[in-house]
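The values are calculated or read from the model by the stated rules, or taken from the named source; none is laboratory data. A quick note: this is a predicted structure, and the numbers were derived from the prediction, not measured. Don't worry about glycine lacking a Cβ; one is built from the backbone with ideal geometry, like all the others, and counts go over all protein chains shown. Only protein heavy atoms, including side chains, enter the accessible area calculation; ligands, DNA and RNA are left aside. Shrake-Rupley method; radii C 1.70, N 1.55, O 1.52, S 1.80 Å.
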Amino acid sequence: MARAAGVSIATVSNVLNRRNVPLAEETIRKVEEAVQSLGYRRNEMAASLSRKKTYELGLVLPHFGGYFADFAHVMQNLVHQCGYHLSVYSSSGQPELEKRHMEMLLQRRVDGLFCHGLAMNPESTRKFVGEGTPMVLFNAWNWPENVALGAVNLDFAGGAEKAVRHLVDRGCKHLFYISREGARTTNEQRLIGFQRGVKALGSGQGYVHRIIPTRSMSEDEIFDSIEDVVKQGEMLGILAFDDGNAFQLISLLQARGYHIPGQIKVVGINNQSVAMHNWPSITSLDIDLDNQVSHAVFMLLQHLEEGAALRNISLDRFETVKPAGSPAHEIHIPMRLIPRMSTE
């Protein structure tokens, strides 16, 4: 193949292995044309055994919808720029499927793994790391330090606190948080921020707050609570678990004759498409995916001593926060509040 392309064997190896070494575009084109004309398909398994590296990384998600799909898309692009392939799996909340994914990742000898905090349990991940594979968690709060290299978490607590302040600044005297208990730790982080935001208002200021557990309350009970506030003639501010919940809530409120934002102001989380294109558009907390993904990939490749690949990742333009009391191995990615019609 080197003879057909008119280059050295080392150059062919550099092109095929996507190594981060300076190569002219013409050289790359010659090698790729030689590969195509000769019908060459390299034995990836043999290559990985000889170099003791697969240049493959794994990503395990709870499911493939919404934020998770966007996260995988951004990570795939960055990992590719760094010379790696990304294999993506979803546990879908099924222990047996989670176990099969773990076995497959071990068989494929991935060089490292990214895992969402709700995708696998700590014991499963501990076993995986015990096999010698480094792992970086994301949106996994207060996990044992010996399970992973670290965790890159969205600052949902800080974002929820900003949302409370925003609602109060717009005249809301009553504050509700619409909970999603099934989301466990991500819901807990939102709840921490909501309660912290209310506490910061100070006692004796006349603010009333309530947490609405959607699993244990019927729709009628939720609206009875809302009606009690509206009858008093005071502005109600609602923080919903995410934009989907905010959209559903606003639709139901409008169907019952409530005015948004005249009587009730609503904030969502995640800044998804529905927040921008709903009527009224929904004030939301934006996720900086580039920031979160870049820090996660940098953390793993730094451990793998991929100095050349790290040049593809610039962290200088990104901001992180360090909440008081958070473990040293956790990085927190701030969230930006985007005001829209649902609160303006």
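Quick notes on this structure:
- A Cβ distance below 7 Å, combined with a sequence gap of six or more or placement on separate chains, defines the contacts here; from segment 221-237, residues that are closer than 12 Å to Leu175 by Cβ and among the basic types (Lys, Arg) reach no residue that is outside any loop (DSSP other than H, G, I, E, B) and open to solvent by 30 Å² or more (accessible area, probe 1.4 Å).
- Residue match in segment 101-116 (condition: touching a residue at least 60 places away in the same chain (Cβ under 8 Å), open to solvent by 10 Å² or more (accessible area, probe 1.4 Å) and of a type in the set (S, T, N, Q)): no
- For segment 166-191, a tally of residues being open to solvent by less than 20 Å² (accessible area, probe 1.4 Å), out of contact with any Phe, Trp or Tyr (no Cβ under 8 Å at 6 or more places or on another chain) and assigned to a helix (DSSP H, G or I) returns 2.
- Filter result (small (Gly, Ala, Ser) and modelled with pLDDT under 95) within segment 221-243: Ser225, Gly233
- Residue count for segment 182-195, restricted to those that are within 20 Å of Val266 (Cβ to Cβ) and in contact (Cβ under 8 Å) with a residue 24 or more places away in the chain: 8
- When Asp155, Asp169 are checked against the criterion of being acidic (Asp, Glu) and under 21 Å from the mean Cα position of the chain (by Cα), a single residue qualifies: Asp155.
- Every residue from segment 192-210 that is assigned to a helix (DSSP H, G or I) and open to solvent by 40 Å² or more (accessible area, probe 1.4 Å): Ile192, Gln195, Arg196, Lys199, Ala200
Table: residues versus (1) part of a helix (DSSP H, G or I); (2) farther than 21 Å from Ala296 by Cα.
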| site | (1), (2) |
| --- | --- |
| Gly83 | no, no |
| Val88 | no, no |
| Ser92 | no, yes |
| Glu96 | yes, yes |
| Lys99 | yes, yes |
| Cys115 | no, no |
| Met120 | no, no |
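- Segment 211-252 - residue that is small (Gly, Ala, Ser), over 29 Å from the mean Cα position of the chain (by Cα) and part of a loop (DSSP other than H, G, I, E, B) and, of those, surrounded by the most Cβ atoms within 10 Å (Cβ to Cβ): Ser218
- The number of residues in segment 122-165 that are closer than 22 Å to Leu304 by Cα, assigned to a loop (DSSP other than H, G, I, E, B) and open to solvent by 50 Å² or more (accessible area, probe 1.4 Å) comes to 6.
- Residues in segment 101-113 that are in a helix (DSSP H, G or I) and not aliphatic (A, V, I, L, M): His101, Glu103, Gln107.
- Restricted to helices (runs of 4 or more DSSP H) entirely inside segment 253-331, those with at least 1 residues that are buried (at least 22 other Cβ atoms within 10 Å of the Cβ), without any contact (Cβ under 8 Å) to a residue 24 or more places away in the chain and hydrophobic (A, V, I, L, M, F, W, C) are 289-303.
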